[in-house]
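Notes follow once the structure below has been shown.
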Amino acid sequence: MESLDRPIVIIGAGGIVKDAHLPAYAKAGFRVDGICDLDAEKAQGLASLFGIERVYDGVEEASRIAPRNAVFDVAVPASAVARVLERLPDGRGILIQKPMGETLEQARRIRALCRAKHLVAAVNFQLRFSPSVAMARRLVETGRIGDLLDIEVRVNVQTPWQLWTFLEQSPRVEILYHSVHYIDLIRSFCGDPVSVYAKTLRHPSAPRLAATRTSMILDYGESTRANISVNHFHSYGPKHQESFIKWEGTRGAIKATLGVLLDYPNGQPDEFEYAEIKDGVLGEWVRMELGGSWFPDAFARSIASLMGFLSGASQTLPASVEDAYRTMAVVESAYESSAGGGTAVHYD
């Protein structure tokens, strides 16, 4: 725990900070030194709610007086990330809220800034660190389900998009702000895909939003199937809503339910099940208790990975800016695939 004893300075006081970052840090016992936001009243409100002593006037003041060993948690809209990084002190530890910019060009600029300023920076792709994914990774890496053949993400829910009004101005929504998590997750298990096939679509009930429904295939050649299917407008009650990740291997399978997306932001508990083939016989599905969920627990684990790397306790930074850039490259290709259309069917 000594390696995680660093103060946190939060840039941004939006809904995700209120609902996930700050509850996670409080639960983990992390120290939040201060917070700032363009809306000082919002920052003051969160400071009062979570017992944060300092409310900075802005990024410049936070950069000037924050403790030397502080980690900066940058939780601002993607289009503002580069402007914030420019004003932060060189050589510091930075956690950047996903996505890493709104386009690959912006991601490239963020990467260049981190290199030029010698920032030890990671992107908050916190789904990698959720308890269910951590458990699945352990089972996969220890060979419990054999060789990984299939990974599938399916989300069929009613999402309250009105909570993020800034997205009404964004030309990209679903893949950039949501399925980016699943792309990053699949990359963390399977590596970089060769190519991507995607189609992302608007919904008529939300004419002010860009596409919010997506079908995607990540191409890993002939061995592993990787699919993402997301519909954020299943407005027909909870009975048939779904939110899960499924891994299938040569000797077993895993299914993890992401409960937070079912009735967001209230959510339901995450669930985790697995089944193994032993001596040619498929055993019963076994349910495991996780001791946490994606929201808020993964947010604490995400910043902890950065703290551990900064202290030298860990030799790897899993969601580093360099790695996150490659996730953003897949995002860009997915939008290109969607715009390009599929192969025409010749019926004559």
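Of the residues in segment 40-54, at least one is surrounded by 14 or more Cβ atoms within 10 Å (Cβ to Cβ), in contact (Cβ under 8 Å) with a residue 12 or more places away in the chain, in contact with a strand residue (DSSP E or B) (Cβ under 8 Å, 6 or more places away or on another chain) and in a strand (DSSP E or B). Among the residues here, Glu273 qualifies as surrounded by fewer than 20 Cβ atoms within 10 Å (Cβ to Cβ), in a strand (DSSP E or B) and free of Cβ contacts under 8 Å to residues at least 40 places away in the same chain.
Report yes if some residue within segment 55-65 is assigned to a strand (DSSP E or B) and over 24 Å from the mean Cα position of the chain (by Cα); otherwise report no.
Yes, segment 55-65 contains at least one residue that is assigned to a strand (DSSP E or B) and over 24 Å from the mean Cα position of the chain (by Cα).
Consider segment 15-31 and keep the residues that are under 19 Å from Val123 (Cα atoms) and in contact with a strand residue (DSSP E or B) (Cβ under 8 Å, 6 or more places away or on another chain). The one that is surrounded by the fewest Cβ atoms within 10 Å (Cβ to Cβ) is Ile16.
Screening Arg326 on (1) buried (at least 20 other Cβ atoms within 10 Å of the Cβ); (2) outside the structural domain of Tyr236 (by TED's automatic domain parsing) shows it passes everything except condition (1). The sole residue among Asp279, Asp348 that is over 22 Å from the mean Cα position of the chain (by Cα) and assigned by TED's automatic domain parsing to the domain that holds Leu176 is Asp279.
Please verify whether segment 138-157 includes one or more residues that are polar (S, T, N, Q), in contact with a helix residue (DSSP H, G or I) (Cβ under 7 Å, 6 or more places away or on another chain), closer than 28 Å to Asp297 by Cβ and touching a residue at least 24 places away in the same chain (Cβ under 8 Å). Checked segment 138-157: no residue is polar (S, T, N, Q), in contact with a helix residue (DSSP H, G or I) (Cβ under 7 Å, 6 or more places away or on another chain), closer than 28 Å to Asp297 by Cβ and touching a residue at least 24 places away in the same chain (Cβ under 8 Å). If you filter segment 67-89 down to residues that are outside any helix (DSSP H, G or I) and of a type in the set (D, E, K, R), you find that the one that is nearest to Leu22 (Cα to Cα) is Asp73. Scan segment 276-321 for residues that are part of a helix (DSSP H, G or I) and of a type in the set (Gly, Ala, Ser) and the total you get is 7.
So, Tyr325, is that one assigned to a helix (DSSP H, G or I), among the aromatic types (Phe, Trp, Tyr) and under 14 Å from the mean Cα position of the chain (by Cα) or not? Yes; evaluated as a whole, the condition is true for this residue.
Reported count of residues in segment 98-113, each being in contact with a helix residue (DSSP H, G or I) (Cβ under 7 Å, 6 or more places away or on another chain) and not in a loop (DSSP other than H, G, I, E, B), is 7.
With respect to Glu289, is the statement that it is out of contact with any Cys (no Cβ under 6 Å at 6 or more places or on another chain), touching a residue at least 24 places away in the same chain (Cβ under 8 Å) and among the charged types (D, E, K, R) true? For Glu289, the condition - out of contact with any Cys (no Cβ under 6 Å at 6 or more places or on another chain), touching a residue at least 24 places away in the same chain (Cβ under 8 Å) and among the charged types (D, E, K, R) - is not met.
The values are calculated or read from the model by the stated rules, or taken from the named source; none is laboratory data. The structure displayed is predicted, hence computed values, not measured ones. Reconstructed Cβ throughout: ideal geometry from the backbone, glycine too, with neighbour counts over all protein chains shown.
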